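Let me begin by presenting the structure, written as structure tokens, before commenting on it.
Read the figures in this text as sums done on the coordinates, not as results from a lab. Just so it is clear, the structure is predicted and the values come from calculations on it, not from any experiment. Positions of Cβ are backbone-derived with ideal geometry, glycine not excepted, and every protein chain shown enters the neighbour counts.
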Amino acid sequence: MHRWPVTCSTTPVAPACSDADVTDEVSATDPEVEDPVREVGVGPHPTPWPDDARLDPDLLANGDRRNVADRYRYWTNEAIVADLDRRRHTFHVAIENWQHDLNIGNVVRTANAFNAAAVHIVGKRRWNRRGAMVTDRYLHVDHHEDVASLSEFATSERLEMIAIDVVPGAGPIETVSLPERALFVFGQEGPGLSPEALDAASMVCSIAQYGSTRSINVAVAAGIAMHTWIRQHADAPPAG
């Protein structure tokens, strides 16, 4: 079988917003519609259409310009999710959302890229979906009222909670062996992980940094942690 050979930041990635700005809806311009100047995707499918229940008649008739891999062209969203479910990885991602963190959308988008089992929002239910670029349509996103609820879920699913933060005693993620059934937990932009999350974790990891700042953006940290797991446990990605 072929194997592929953090911390939270105090630097905001978007201007502060009010509660009214944080929404469960995507922006008025659907970010899944590509820039018309650079045409992406495929046009209407030639007739006769393939006899395949996974295909969407509207996409076959009008073309598929979605931000999806070529192997999923013309597929319904439901068919794509079902196919991803067959080969989801065994790691989950959780992020605390006590102050409407604007990075959650970017974390979701990256979790989709690495085909995480699910993303878990801890705290406030509402989060800004713009950064997800509608990838949440293809990923399971769950909500937990608090860390205790998340910890109960991890126990029931035999997941080892791994906190990512720069705190005393954290092990370098570059050298640790990550469990296959993992739940990565990330904190808020700025304050980092809550004491409750750190206490609930069985392992705390940090990400090596070489510049002048103390920490890196939480969405970047999440991507690094997920890719570290991928390199240790995942097969090569499917073609297309």
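For the range 52-141, the list of chymotrypsin sites (Phe, Trp or Tyr not before Pro) that fall in a loop by DSSP and count at most 13 other C-beta atoms within 10 angstrom reads TRP98.
What dipole magnitude, in Debye to the nearest 20, does the range 46-165 give about its Cα centre under +1 on Lys/Arg Cβ and -1 on Asp/Glu Cβ? Here the range 46-165 has a charge dipole of around 380 debye.
In plain terms, the residue of THR110, THR228 with the fewest other Cβ atoms within 10 Å comes first and the most crowded comes last, giving THR228, THR110. Put in order of Cβ neighbour count within 10 Å, fewest first, the listed residues HIS100, HIS120 become HIS100, HIS120. Gain on full extension, evaluated as 0.36 nm per residue between ARG231 and GLU145 minus their Cα-Cα distance, stands at 27.8 nm. When ILE80, ILE121 are arranged by Cβ crowding within 10 Å, least crowded first, meaning fewest neighbours, the order is ILE80, ILE121. Averaging Cα coordinates gives a centre for the range 41-88 and one for the range 152-225; these two points are 36 Å apart. Label-to-label distance for VAL176 and THR47 is 5.9 nm, based on points extended 7 Å past Cα in the beta-carbon direction.
In terms of packing, defined here as the mean over residues of other Cβ atoms within 10 angstrom, the peptides 161-167, 148-154, 205-211 line up highest first as 161-167, 148-154, 205-211.
Would you please classify the overall shape of the range 88-233 from the alpha carbon gyration tensor, given that a ≥ b ≥ c denote the square roots of the eigenvalues, rounded means a/c under 1.5, and beyond that prolate means a/b larger than b/c while oblate covers the rest? Cα axes put the range 88-233 in the rounded bin.
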